[in-house]
Amino acid sequence: IATQMPILSADAWFNKGVSLSAKGAWSDANYAFDKATKIDPDNKMYWVAKSYVLNKLGNENAQAAADRAINLDPDYADAWHERGIALYQAGNYDNSSEAYKRAIALDGGLWWYYYDYAILLEAMGLSRGCDSCYADAIKNLDVALKFNLNNADRNDIYQFKEKITNESLPIPSN
């Protein structure tokens with residue numbers, strides 16, 4: 001008796017991609033998200049997950065995946081955030097800034113939006129000699145620090161803030 005291999009659903013491929021992402025297996029996760037988006041090309045979460053992994057891989061197709069999610073739902077903050085990362089990695093700082101601003105406007109409740117935006121602002125300050133960019137980066141880091149963070153994330157934010165300000169800052173505990 002011949003046995004058939006089960007055909008995985010889009011959700012199964014998505015869940016497999018999430019699991020592989022958690023392990024840092026970015027190429028394998030990309031394969032899984034690619035399968036999910038082919039089976040169900042109208043699921044915005046699948047496209048954002050694909051964009052996330054492609055950003056981790058430094059792949060230029062990350063923006064296209066984020067844009068696909070935005071086309072499906074123009075108010076999906078995660079898609080705008082991933083678009084911001086992709087544009088930042090491509091050196092397109094102005095459009096990256098607009099994408100981060102849109103993500104924060106749509107959902108200001110995620111600390112990493114502010115942190116990633118601060119990273120962009122610091123890069124803009126370095127590349128353009130933009131003093132106000134540094135000030136804006138610090139403001140965004142201060143917003144991120146208002147969230148309930150684990151110690152590792154809090155330390156990362158304080159260390160980045162120290163880098164920008166060139167000051168030693170005490171790191172308070174939660």
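The values are calculated or read from the model by the stated rules, or taken from the named source; none is laboratory data. Bear in mind the structure is a predicted one, so any value in this text is a computation, not a measurement. Here the Cβ positions follow ideal geometry from the backbone for every residue, glycine too, while neighbour counts run over all protein chains shown. For accessibility, only protein heavy atoms count, side chains too; no ligands or nucleic acids. Shrake-Rupley method; radii C 1.70, N 1.55, O 1.52, S 1.80 Å.
General observations
- Residues that are among the polar types (S, T, N, Q) and out of contact with any helix residue (DSSP H, G or I) (no Cβ under 8 Å at 6 or more places or on another chain), drawn from the stretch 134-160: 148, 150, 151, 155, 159
- Residue in the stretch 1-13 that is under 28 Å from residue 117 (Cβ atoms) and in contact with an Asp or Glu (Cβ under 8 Å, 6 or more places away or on another chain) present: no
- Residue check for residue 118: part of a helix (DSSP H, G or I), open to solvent by 30 Å² or more (accessible area, probe 1.4 Å) and either of a type in the set (Val, Ile, Thr) or at pLDDT 95 or above (or both): no
- Inspection of the stretch 51-61 finds no residue satisfying the criterion of being over 13 Å from the mean Cα position of the chain (by Cα), open to solvent by 80 Å² or more (accessible area, probe 1.4 Å) and hydroxyl-bearing (Ser, Thr, Tyr).
- Tabulated pairs, the stretch 135-155, first assigned to a helix (DSSP H, G or I), second open to solvent by 50 Å² or more (accessible area, probe 1.4 Å) and of a type in the set (Phe, Trp, Tyr), C-beta under 8 angstrom, 6+ apart or interchain: 144/112
- Here the stretch 80-92 is the region considered, the condition is being in a helix (DSSP H, G or I) and out of contact with any Ser or Thr (no Cβ under 7 Å at 6 or more places or on another chain), and the residue that is farthest from residue 46 (Cα to Cα) is 89.
- Pairs linking a residue in the stretch 37-49 that is part of a helix (DSSP H, G or I) to a residue that is acidic (Asp, Glu), with Cβ atoms under 7 Å and 6 or more positions apart or on different chains, are 44/73; 46/40; 48/78; 48/82.
- Sole residue being open to solvent by 60 Å² or more (accessible area, probe 1.4 Å), closer than 25 Å to residue 58 by Cα, out of contact with any Gly (no Cβ under 9 Å at 6 or more places or on another chain) and small (Gly, Ala, Ser), chosen from 86, 90, 79: 90
- Single condition residue 133 does not satisfy, out of (1) closer than 16 Å to residue 161 by Cβ; (2) at pLDDT 95 or above: (2)
- Enumeration of residues in the stretch 1-29 that are β-branched (Val, Ile, Thr) and modelled with pLDDT of 95 or more: 18
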